[in-house]
Amino acid sequence: MNSTTINTINANSLLQDFDLFTDLYGKQTNYFQEIRKFSADKFNVLGIPTQKNEEWKYLNLSPLFKNDFRSVSHTQAFEIDAASAKQFHLCGENAIVFVIENGRLNRAASNVKTLPKGLSIGTLAELADDARVQKHFAQHADAITEPFVALNTAMSFDAMIVLLDEKIKINETIQFAFVTNTNQENISVPIRVLVIAEKHSECTVVESYHTLNEQHKVFVNAVSEVVVGEEARVHYAKIQIESENTFHINYHQVNQAKNSYQHITSLSLGASLLRNNLHIQLDGENCTTYLNGLYVLSGTQVMDNHTLVDHAMPNCYSNELYKGMIDDKSQGIFNGKIFVRKDAQKTNAYQSNKNILLSNDASINTKPQLEIFADDVKCSHGATTGQIDEEALFYLRSRGIAEPEARALLNHAFAAAVINQVESELLKESLLLLLSRKLRVMEEV
Amino acid sequence: MLTIKDLKASVDGKEILKGLNLEVKAGEVHAIMGPNGSGKSTLASVLAGRSEYEVNGGTVTFEGQDLLDMKPEDRARAGVFLAFQYPVEIPGVSNANFLKTAVNEVRKSRGQEILDSKDFLVMMKERMKLVEMDKAMTQRSVNEGFSGGEKKRNEIFQMAMLEPKLSILDETDSGLDIDALRIVSNGVNALRDGKRAFIVITHYQRLLDYIVPDFVHVLYKGRIVKSGTKKLALELEEKGYDWIKEEAEALNA
């Protein structure tokens, strides 16, 4: 793989505040400092990927990193309080909501009563002594070859950790609201999550990404690791509604043990440049995994979804549905890989990517990739790109619905099909509302 | 109500309607029959405003308005309804939601009050009975996964909800078994009130046993070549179209 770096930009500027926080993790400081140092070195070697790198072929990062991003201050006073944090709540009144302002946990703004028994949530500093954290933190997301994972591992400070004990089922949704709120220009905000759901446990986790003070250029670099234990069930959503001055790159790594279930929905509406990397590693037999994504672009937004489902073991089922609506001069990219390893017999793997182009200047590059090394599998993939269904449009109009409303109805239906698969009704409602809001803005322009 | 004069229309550059004349008055039921390719569905499509069809000549006047100059939605609002031969599936749009939007758009344009959810449900419940529809069907996406019969019932249900002045049924009987045919016909008959007019396009006499027409027209090569009463339909059932074709060709020769 090509790892040519951009020589004209100073990747080091992203690491220059490395030494500002070296004593965060108590007794475990040395352990985590080693990981940080290792990752910083890796990032220095890897640098920012160029378009010569196949994985970054359609995404030009060089204009972005002409900006000299500095790490966000981790001593700046918090501005968000419990009342103003309500605007970020997406999962109803009973949800456990943590507000992470500029990469740091803002407890006062969070909505956390006593956590249910068997559930611990806190920052890496708070939970660093837990053996499970040491076992899994920074062990799954690939900091060796992925520069932004390396950068994040080196620079994130308040990693949010969820520890769910064996056989514990949590009904309340756990939401992390990541809010960028800065009055400075060219700020880089690292965000980190680790979820460990042990055997037979079940939970719902939502990551939402927001911006206050929308006029400033920020670079959000997020990495999440989700460890799904045997027979465990994890429902996940990633909601991206950041400002149009936000550059957002995230990696989401899921590792599933045998008989586990995972369902993730990714909703991408905001940011000027967005790269979602989703990697699902099926490391046990009989896993079930769903990946659903919806990206809605307008203006000059660029969104790139790279997904990978790695079937390493037999008898697993994966189902992926990604849909895109691309308007104005925006650019969508979808790259979905499915690996079926030699041992992964009886794999069922399905992938579908459907796009609607709403303007002549909009574009989509879609590349489904199936690599199968086992011989007894059922796999399918397909990608479609089209315009609105004219037959359906005429049908609606012939019933008295004016053309603009008919188009809006069809667009909404196309997109809502992804959101409708979300299991939590409260979350589904919130997401449909966010979608409607974005579509309405697009219609008005 | 509807006056079609010398209507000529083409699709993909091929002329299908070649000077069609038809007059439909309030309360009348007109059946249009004819062999395959005679232009029956083209007539329905042109009246509903399908954009692939190009009108090359003639006029269509609906209650004094130039119908051909109107957008499809404006035709619907003015009171023209087309029951599709192949109703379209629209995943993600619930039947009830779609109909509520449509009904209220039509009501708005007629200066009627907009229905709130409660009134709409009451109306829906009442009209569902006409076509023996169950509640589950209204909650499903429009026509998605519906059987052929369910789709046609849904068309008549929509018609009942939108209360059009002129309904065009484009081969509504195609693909229906005898029970579905009866249900659909009952729905149509329940809407006959002496004011509403219907154009029933069909291949088969059978439908006209249920929906009894005032007039039967035979369309051949883009023109109405013969008109009569329901007896004409029976005659066609018995003798086929050959004698009509011969008559028409002789007239042209």
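The values are calculated or read from the model by the stated rules, or taken from the named source; none is laboratory data. None of these values were measured; they are calculated from a predicted model. For neighbour counting, all protein chains shown are included, and Cβ atoms are generated from backbone atoms with ideal geometry for every residue, glycine included.
If we scan the stretch B:40-62, do we find a residue that is more than 14 Å from every other protein chain (Cβ to nearest Cβ) and in a loop (DSSP other than H, G, I, E, B)? Scanning the stretch B:40-62, I find no residue that is more than 14 Å from every other protein chain (Cβ to nearest Cβ) and in a loop (DSSP other than H, G, I, E, B), so the answer is no. In the set (1) touching a strand residue (DSSP E or B) at 6+ places or on another chain (Cβ under 6 Å); (2) more than 14 Å from chain A (Cβ to nearest Cβ), B:Asp173 fails one condition alone, (1). With respect to the conditions (1) out of contact with any Phe, Trp or Tyr (no Cβ under 7 Å at 6 or more places or on another chain); (2) at positive phi, A:Gly103 falls short on a single one, namely (1). Among the criteria (1) within 13 Å of another protein chain (Cβ to nearest Cβ); (2) of a type outside the set (D, E, K, R); (3) buried (at least 23 other Cβ atoms within 10 Å of the Cβ), the one B:Ile32 does not fulfil is (1).
The set of residues in the stretch B:1-48 being in contact with a His (Cβ under 8 Å, 6 or more places away or on another chain) and among the β-branched types (Val, Ile, Thr) consists of B:Val24, B:Ile32. With the condition kept exactly as written, say whether any residue in the stretch B:78-94 is more than 7 Å from chain A (Cβ to nearest Cβ), in a helix (DSSP H, G or I), over 26 Å from B:Tyr53 (Cβ atoms) and over 20 Å from the mean Cα position of the chain (by Cα). No: the stretch B:78-94 contains no residue that is more than 7 Å from chain A (Cβ to nearest Cβ), in a helix (DSSP H, G or I), over 26 Å from B:Tyr53 (Cβ atoms) and over 20 Å from the mean Cα position of the chain (by Cα). Here A:Val112 meets each of (1) modelled with pLDDT of 95 or more; (2) in contact with a strand residue (DSSP E or B) (Cβ under 7 Å, 6 or more places away or on another chain); (3) of a type outside the set (Ser, Thr, Tyr) with one exception, condition (1).
Per the conditions (1) buried (at least 19 other Cβ atoms within 10 Å of the Cβ); (2) within 13 Å of chain A (Cβ to nearest Cβ); (3) assigned to a helix (DSSP H, G or I); (4) out of contact with any Asp or Glu (no Cβ under 8 Å at 6 or more places or on another chain), the sole criterion not satisfied by B:Met124 is (2). Whether a residue is modelled with pLDDT of 95 or more, outside the structural domain of A:His412 (by TED's automatic domain parsing), small (Gly, Ala, Ser) and touching a helix residue (DSSP H, G or I) at 6+ places or on another chain (Cβ under 7 Å) was assessed, and A:Ser298 passes this test.
B:Pro72 satisfies every condition listed in (1) more than 21 Å from B:Thr3 (Cα to Cα); (2) within 11 Å of chain A (Cβ to nearest Cβ); (3) out of contact with any strand residue (DSSP E or B) (no Cβ under 6 Å at 6 or more places or on another chain) except (1).
Applying the criterion of being free of Cβ contacts under 8 Å to residues at least 40 places away in the same chain and among the aliphatic types (A, V, I, L, M) to the residues of the stretch A:324-343, the residue that is surrounded by the most Cβ atoms within 10 Å (Cβ to Cβ) is A:Val340. With respect to (1) surrounded by fewer than 19 Cβ atoms within 10 Å (Cβ to Cβ); (2) at negative phi, the lone exception for B:Asp6 is condition (2).
The residues of the stretch A:20-32 that are touching a residue at least 12 places away in the same chain (Cβ under 8 Å) and either outside any helix (DSSP H, G or I) or out of contact with any Asp or Glu (no Cβ under 9 Å at 6 or more places or on another chain) (or both), listed by number, are A:Leu20, A:Phe21, A:Leu24, A:Tyr25, A:Tyr31, A:Phe32.
The residues of the stretch B:152-169 that are among the charged types (D, E, K, R), surrounded by 24 or more Cβ atoms within 10 Å (Cβ to Cβ) and farther than 16 Å from B:Ile201 by Cβ amount to a single one, B:Arg153. With respect to A:Tyr261, determine if the residue is surrounded by fewer than 22 Cβ atoms within 10 Å (Cβ to Cβ), of a type in the set (Phe, Trp, Tyr) and within 17 Å of A:Val227 (Cα to Cα). So A:Tyr261 passes the test.
Residues that are in contact with a Cys (Cβ under 6 Å, 6 or more places away or on another chain) and not small (Gly, Ala, Ser) within the stretch A:259-297 comprise A:Leu282, A:Cys287, listed in sequence order. Of the residues making up the stretch A:378-395, those that are within 21 Å of B:Glu52 (Cα to Cα), in contact (Cβ under 8 Å) with a residue 12 or more places away in the chain and either within 7 Å of chain B (Cβ to nearest Cβ) or assigned to a strand (DSSP E or B) (or both) are A:Gly386, A:Ala392. Every condition in (1) in a loop (DSSP other than H, G, I, E, B); (2) crowded, with 18+ Cβ neighbours inside 10 Å holds for B:Glu144 except the one numbered (2).
Taken together, the residues in the stretch A:172-183 that are part of a loop (DSSP other than H, G, I, E, B) and in contact (Cβ under 8 Å) with a residue 40 or more places away in the chain amount to 3.
Every residue, every condition in (1) without any contact (Cβ under 8 Å) to a residue 24 or more places away in the chain; (2) in contact with a Phe, Trp or Tyr (Cβ under 9 Å, 6 or more places away or on another chain); (3) under 18 Å from B:Ile32 (Cα atoms), yes or no:
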{"site": "B:Lys151", "(1), (2), (3)": "no, yes, no"}
{"site": "B:Asp170", "(1), (2), (3)": "no, yes, yes"}
{"site": "B:Asp177", "(1), (2), (3)": "no, no, no"}
{"site": "B:Gly187", "(1), (2), (3)": "no, yes, no"}
{"site": "B:Val200", "(1), (2), (3)": "no, no, yes"}
{"site": "B:Ile224", "(1), (2), (3)": "no, no, yes"}
{"site": "B:Ser227", "(1), (2), (3)": "yes, yes, yes"}
{"site": "B:Ala250", "(1), (2), (3)": "yes, no, no"}
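Residues being on the phi < 0 side of the Ramachandran plot and surrounded by fewer than 21 Cβ atoms within 10 Å (Cβ to Cβ): count how many of those fall in the stretch B:61-86. So the count comes out to 11. With respect to being closer than 23 Å to B:Gly79 by Cα and at pLDDT 90 or above, B:Lys195 fits the description.
Here A:Phe65 does not qualify as aromatic (Phe, Trp, Tyr), closer than 27 Å to A:Lys217 by Cα and modelled with pLDDT of 90 or more.
Yes or no: the stretch B:100-121 includes at least one residue that is touching a helix residue (DSSP H, G or I) at 6+ places or on another chain (Cβ under 9 Å), within 14 Å of chain A (Cβ to nearest Cβ) and assigned to a strand (DSSP E or B). Looking for residues that are touching a helix residue (DSSP H, G or I) at 6+ places or on another chain (Cβ under 9 Å), within 14 Å of chain A (Cβ to nearest Cβ) and assigned to a strand (DSSP E or B), one finds none in the stretch B:100-121, hence no. Filtering the stretch B:19-29 to residues that are surrounded by fewer than 18 Cβ atoms within 10 Å (Cβ to Cβ), out of contact with any Ser or Thr (no Cβ under 8 Å at 6 or more places or on another chain) and part of a strand (DSSP E or B) leaves B:Gly19, B:Asn21. On inspection, B:Pro164 does not qualify as in a strand (DSSP E or B) and either at pLDDT below 95 or within 11 Å of another protein chain (Cβ to nearest Cβ) (or both). Within the stretch A:411-437, residues that are within 14 Å of another protein chain (Cβ to nearest Cβ) have Cβ atoms under 7 Å from residues that are in a helix (DSSP H, G or I) and loosely packed, with under 15 Cβ neighbours inside 10 Å in these pairs: A:His412/A:Ser436, counting only partners at least 6 apart in sequence or on another chain.
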